[in-house]
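> Would you mind keeping the following structure in view while I ask a few things?
The values are calculated or read from the model by the stated rules, or taken from the named source; none is laboratory data. Keep in mind that this is a model prediction, so the values were computed, not measured. Cβ: placed from backbone, ideal geometry, glycine included. Neighbour counts: every protein chain shown. Heavy atoms of the whole protein, side chains included, go into the accessibility calculation; ligands, DNA and RNA do not. Shrake-Rupley method; radii C 1.70, N 1.55, O 1.52, S 1.80 Å.
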Amino acid sequence: MAALWTLPLLLSARLLGCLALTPPDELPQPHNLPPSLGFNISHGGPSVDLPMALRVFSVDYHHVQAPFEIVLWIMLASLAKLGFHWSGRVPAVVPESCVLIMVGLLVGGVIYGVRHSAPPTLSADAFFLFLLPPIVLDAGYFLPGRLFFENLGTILWYAVLGTLWNVLGIGLSLYGVCLLAQSSLGDVSLLHCLLFGSLIAAVDPVAVLSVFQEMHVNEQLHILVFGESLLNDAVTVVLYKLFESFLRLPSVSGLDVLLGGCRVVVVGLGGLCVGLFFGLVAALTSRFTSKAQVIAPLFVFLYSYLSYLTSEMLHLSGIMAIVTCAVTMKQYVEANVSEHSNTSIQYFLKMWSSVSETLIFIFLGVSTIQDVHMWSWPFVCSTLLLCLIWRATGVLLLTAVVNKLRRNAVTFRDQFIIAYGGLRGAICFSLVFLIDDFPKKRLFITTTIVVILFTVFVQGMTIKPLVELLDVKRKKRALPTVSEEIHSRLIDHLLAGIEDVVGYWGQHYWKDKFEQFNKKYLRRFLIREDHQARSSILRVYQELERREQRGDEEAPPLVDPRSHSRLLLPEEMDSIRRILSRNLQNFNNKQTPAYSRHTLHQDATTDRTRKPLHRHQSLGERRTHWPQQWYHNSDSVTLELNALSRVLAVCSISPRPVLQDSSATAQTGPADPRPAGDDQVSPQHQVPAGRTPKKQLSFVLENEKQQ
Amino acid sequence: MGSRASTLLREEEIEEIKKETGFSHSQITRLYSRFTSLDKGENGTLSREDFQRIPELAINPLGDRIINAFFPEGEDQVNFRGFMRTLAHFRPIEDNEKSKNPTASEPLNSRTNKLLFAFRLYDLDRDDKISRDELLQVLRMMVGVNISDEQLGSIADRTIQEADTNGDNSISFNEFIKVLEKVDVEQKMSIRFLH
């Protein structure tokens with residue numbers, strides 16, 4: 001995995017050379033260049049004078065300067081994050097993004113104080129090329145597919161029309177304000193105002209994610225706000241570029257506006273297609289990674305990043321491309337690669353997006369401290385006010401229309417949260433720096449920073465109490481029971497059938513059609529032969545095994561039919577759910593994946609009281625929590641094993657690949673810490689007396705028997 | 001198609017269906033044209049074969065049971081009234097209906113009636129209980145061939161255990177309602193019938 005780090009580090013080192021933080025003992029280089037696009041490669045001053053004699057001990061900072069500084073920044077970000085979580089009551093009140101910005105402000109202030117010049121700033125290229133993709137990729141990979149597509153119409157409605165409404169509204173009203181305050185703001189033209197409107201109106205996915213993840217509102221609300229923030233990128237990009245090119249043109253005609261409209265469609269759909277293409281290629285590649293499993297995760301990242309870069313190259317929407325890529329390749333990649341690779345992918349995604357997000361917020365704070373500010377009370381205040389007003393009216397109007405077409409109306413409380421949760425973030429910040437220079441640019445920069453800080457701090461901090469105050473419907477904490485699962489599936493099938501009878505091509509119809517297409521063509525082509533039926537019960541037992549190897553000491557998920565306890569073991573629930581979701585035809589897994597940056601497993605996992613089933617004799621006192629049958633009934637063990645072997649026989653898949661899988665990764669994965677750790681744990685489990693090792697050994701024996 | 005529909009369906013019938021099911025005039029006419037397009041024999045009733053000709057329904061795992069639900073006890077033909085009566089269960093519940101006449105009989109698309117419809121998909125013998133076997137049958141239909149009988153049996157047992165409050169090892173209708181109380185049935189079991 002070291003290879004993964006050096007590549008982006010080297011690339012960013014070159015580009016982020018402008019972020020050079022000259023150490024105090026150096027000759028102070030005059031960094032008087034405007035920190036906006038800082039493409040100056042720092043030469044770092046004269047190197048240390050080499051005396052004639054040979055030195056035993058020497059310091060050569062410049063050799064490692066760039067990567068050293070980058071690592072220091074990342075270290076700062078991560079330590080700040082750690083500190084945040086250890087700081088007691090603070091996480092409950094203040095969202096993480098706020099704290100990070102404050103840390104950034106502090107650091108920026110310190111640097112300013114020490115060097116008496118502006119601290120390094122977030123260069124737009126670094127942001128768009130390196131910091132943004134991991135976050136969006138993470139969001140796309142863990143997107144709850146079913147919910148997203150069910151609400152796609154509404155999301156698109158908000159994203160496209162809502163953004164247009166906001167942009168035009170804010171731009172035009174700001175122009176009105178500029179006209180009113182002729183004295184100070186007279187030289188801001190209409191196009192400038194529209195340009196500013198286009199960059200300030202967009203809701204930012206990074207900020208939304210970081211604030212909403214701690215709130216646990218109901219999933220529909222979450223997906224609406226979050227989906228909107230992802231998809232409005234297409235509109236924002238086009239409008240921004242459109243107005244920018246209009247600024248350069250001598251005159252603007254109606255035809256140009258029309259072309260601009262077409263461009264929105266092209267940009268959005270183009271990004272989608274690029275993402276689809278790369279997603280399918282990635283899925284196909286993952287099919288052949290069985291012999292080199294260690295680098296399988298690499299393909300996921302490479303292809304996603306390629307899709308992003310390609311669409312940026314073609315001036316299409318990079319965010320849409322990378323999200324589509326992630327959504328497309330997820331199910332095939334998960335079926336194709338080994339469990340270890342899956343875990344690696346997920347962990348790396350979380351880690352990278354976490355680091356990116358932290359860095360972004362810190363840099364937002366640092367970049368606020370600079371001497372390019374220009375303040376203008378009317379402009380700043382009116383921008384703030386207008387942003388709020390236009391967003392609120394936009395949401396109200398659009399929801400009124402869209403509620404007529406939805407099965408599930410968006411309530412007023414939800415609407416309020418949608419309007420209030422429209423946070424601005426680093427995308428606006430980077431875009432404002434990219435504007436061509438003109439007299440009032442500094443005013444724009446200042447205003448953008450103020451708006452971002454306002455939305456993140458004021459709205460970010462108050463939204464959680466508001467959610468509780470308004471009693472917005474929260475996320476269902478408990479996972480559905482088995483009954484609910486089964487009956488819900490029944491109802492889904494029933495509804496699909498009734499829709500067929502009525503001849504109504506509703507959601508169920510299209511979902512069915514897609515699933516059939518998927519099964520018939522895509523899965524056959526993109527998933528390894530011996531993993532085709534992997535979507536069946538084999539997964540349950542591999543999940544079992546994986547958990548035991550991880551040392552979670554959880555109970556085997558099979559239900560002992562003879563035990564008449566009412567206790568629902570979470571692990572067995574999970575496995576039953578897995579069986580159902582993999583096997584019940586045509587409907588996707590309803591599990592909402594983790595949004596949280598900090599955990600990988602579902603929130604509910606941490607909510608359920610973890611009741612580890614200790615099998616060791618020494619922990620006898622815990623046994624009283626459990627029905628005695630569970631422990632002492634050795635028949636249940638045999639039953640489980642019989643079921644196991646029978647199921648494996650039914651599946652007619654040789655269990656060999658399963659075992660080979662884990663052993664292969666164990667042998668070939670020295671750099672990957674996780675499988676190595678797992679394999680160290682499992683032999684330990686073989687040793688102590690107890691049912692786990694016996695079961696595992698028996699499992700192995702059963703497999704041998706079947707050869 | 002439209003003209004044929006309107007001549008064959010009398011106004012009084014439309015009014016009666018409207019009162020019974022709550023569909024609007026245009027919805028009824030539209031569904032009538034669907035009915036006639038399914039009715040290949042052109043005798044004003046649908047048989048089981050007519051339903052089975054619908055391609056997607058044939059691959060639906062619960063296809064046969066859904067078709068059965070349209071036909072009243074023991075009969076092989078269903079007329080338009082019966083067709084509409086069944087479909088009325090899936091009309092979305094409108095807010096203004098909720099506060100209507102409390103003494104009037106429950107509309108066909110109430111939550112209880114929707115759940116009863118789903119319940120009847122399991123309970124073939126109409127004894128008002130879902131036995132373990134009935135549950136297993138439906139599970140097997142939904143799950144396919146990849147799971148062993150034993151595994152399926154455990155799932156069925158768990159389902160019954162979760163619902164069963166009186167210990168008779170089967171699920172009664174009230175227990176069924178109780179289990180699904182957290183599920184938004186009104187929304188799940190509704191189709192937007194286009195106007």
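> Quick one: B:Met141 ticks every box in (1) at pLDDT below 85; (2) of a type outside the set (D, E, K, R); (3) over 25 Å from B:Gln187 (Cβ atoms) except a single one, so which number is it?
(3)
> Do we have any residue at all in segment A:124-142 that's open to solvent by less than 20 Å² (accessible area, probe 1.4 Å), at pLDDT 85 or above and not in a helix (DSSP H, G or I)?
Scanning segment A:124-142, I find at least one residue that is open to solvent by less than 20 Å² (accessible area, probe 1.4 Å), at pLDDT 85 or above and not in a helix (DSSP H, G or I), so the answer is yes.
> Suppose we filter B:Arg34, B:Arg48 for residues that are out of contact with any Pro (no Cβ under 7 Å at 6 or more places or on another chain) and within 19 Å of B:Phe117 (Cβ to Cβ); which single one remains?
Numbers: B:Arg34 fails: within 19 Å of B:Phe117 (Cβ to Cβ).
Going through B:Arg34, B:Arg48 in turn, just one is out of contact with any Pro (no Cβ under 7 Å at 6 or more places or on another chain) and within 19 Å of B:Phe117 (Cβ to Cβ): B:Arg48.
> Can you list the helices (runs of 4 or more DSSP H) found entirely within segment A:379-487 that contain at least 3 residues being over 30 Å from A:Pro133 (Cβ atoms) and open to solvent by 20 Å² or more (accessible area, probe 1.4 Å)?
Filter on segment A:379-487 gives A:412-420, A:460-470.
> Can I ask one more? For segment A:325-368, give me the residue count where each residue is open to solvent by 10 Å² or more (accessible area, probe 1.4 Å), under 17 Å from the mean Cα position of the chain (by Cα) and within 22 Å of A:Ala426 (Cα to Cα).
Selection size over segment A:325-368: 6.
> Across segment B:1-58, what is the number of residues that are surrounded by fewer than 15 Cβ atoms within 10 Å (Cβ to Cβ), among the charged types (D, E, K, R) and either at pLDDT below 80 or part of a loop (DSSP other than H, G, I, E, B) (or both)?
Of the residues in that region, 5 qualify.
> Could you identify the single residue in A:Asn403, A:Asn408 that is over 16 Å from A:Ile101 (Cβ atoms) and free of Cβ contacts under 8 Å to residues at least 24 places away in the same chain?
After applying the criteria, what remains is A:Asn403.
> May I pose another question? Which residues, taken from segment B:17-45, are free of Cβ contacts under 8 Å to residues at least 40 places away in the same chain and away from every other protein chain (no Cβ under 14 Å)?
B:Lys18, B:Lys19, B:His25, B:Lys40, B:Gly41, B:Glu42, B:Asn43, B:Gly44, B:Thr45
> Right, something else. Counting only residues that are surrounded by fewer than 18 Cβ atoms within 10 Å (Cβ to Cβ) and either at positive phi or within 11 Å of chain A (Cβ to nearest Cβ) (or both), how many does segment B:133-149 have?
Total meeting the criteria: 6.
> Checking the condition of a type in the set (D, E, K, R) and within 30 Å of A:Pro95 (Cα to Cα), which residue from A:Lys475, A:Lys440, A:Lys520 passes?
A:Lys475
> Now, a different point. Listed residues B:Thr159, B:Thr112; which is polar (S, T, N, Q) and modelled with pLDDT under 85?
Numbers: B:Thr112 fails: modelled with pLDDT under 85.
The conditions single out B:Thr159.
> If you don't mind, another one. Here's a check for you: in segment B:162-195, which residue that is touching a Leu at 6+ places or on another chain (Cβ under 9 Å) and open to solvent by 20 Å² or more (accessible area, probe 1.4 Å) is farthest from B:Glu94 (Cα to Cα)?
B:Glu162
> Is segment B:62-70 home to any residue that is more than 10 Å from chain A (Cβ to nearest Cβ), touching a strand residue (DSSP E or B) at 6+ places or on another chain (Cβ under 8 Å) and surrounded by 12 or more Cβ atoms within 10 Å (Cβ to Cβ)?
no
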